[in-house]
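Comments concern the structure below.
FYI, it's all coordinate maths here, none of it is from the lab. Just so you know, these numbers come straight off a predicted model, no measurement behind them. Here the Cβ positions follow ideal geometry from the backbone for every residue, glycine too, while neighbour counts run over all protein chains shown.
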Amino acid sequence: MNTHDEILQRCFDDDLNDDEMKSLFTLLSKNKVLREEYKAMHALRNEFRSGESYRVPAHLDDRVNDMIASHRRTFIRNAAPVKRFFARRLSFSVPAFAALIVLMLAGSYVAAATWFKPARLTEYVYVVEMPAYVVQSTVYTTTNN
């Protein structure tokens with residue numbers, strides 16, 4: 001999309017300020033191809049804004065409604081086993097839940113210690129003897145009279 005297409009799109013989105021509108025109309029006065037494109041887009045926008053509505057044929061409307069109803073029946077029929085599964089009461093004992101948590105923690109520790117162990121790094125430290133340097137500073141003070 002080039003800048004001319006972009007500025008036309010922004011024009012039809014009412015997203016241009018006054019200076020940009022002036023520059024657009026200057027471009028339109030100089031560029032015949034852009035002017036034709038502007039006219040075509042303007043005509044298309046006016047056609048959409050005309051407000052004409054189209055009626056869907058009754059037989060097509062009935063077919064769409066039948067398809068929606070059929071899909072709804074199939075969905076409800078397929079969802080019944082899932083509802084039955086969650087309708088059952090499941091009970092957990094506190095000791096079993098605590099044991100499960102301990103096993104999960106132990107398993108994650110073992111996995112971290114074995115699978116995710118970082119590689120060994122060898123570091124070398126060199127000790128270098130350097131002569132001592134003494135840094136002296138002189139502080140100058142000024143007095144205001």
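Points worth noting:
- The ranking of Val94, Val125 from fewest to most other beta carbons within 10 Å of each one's beta carbon is Val125, Val94.
- Between Leu16 and Arg120, the contour length at 0.36 nm per residue exceeds the alpha carbon distance by 31.3 nm.
- Gain in span if fully extended, Ala113 to Ser50, counting 0.36 nm per residue against the direct Cα distance: 15.6 nm
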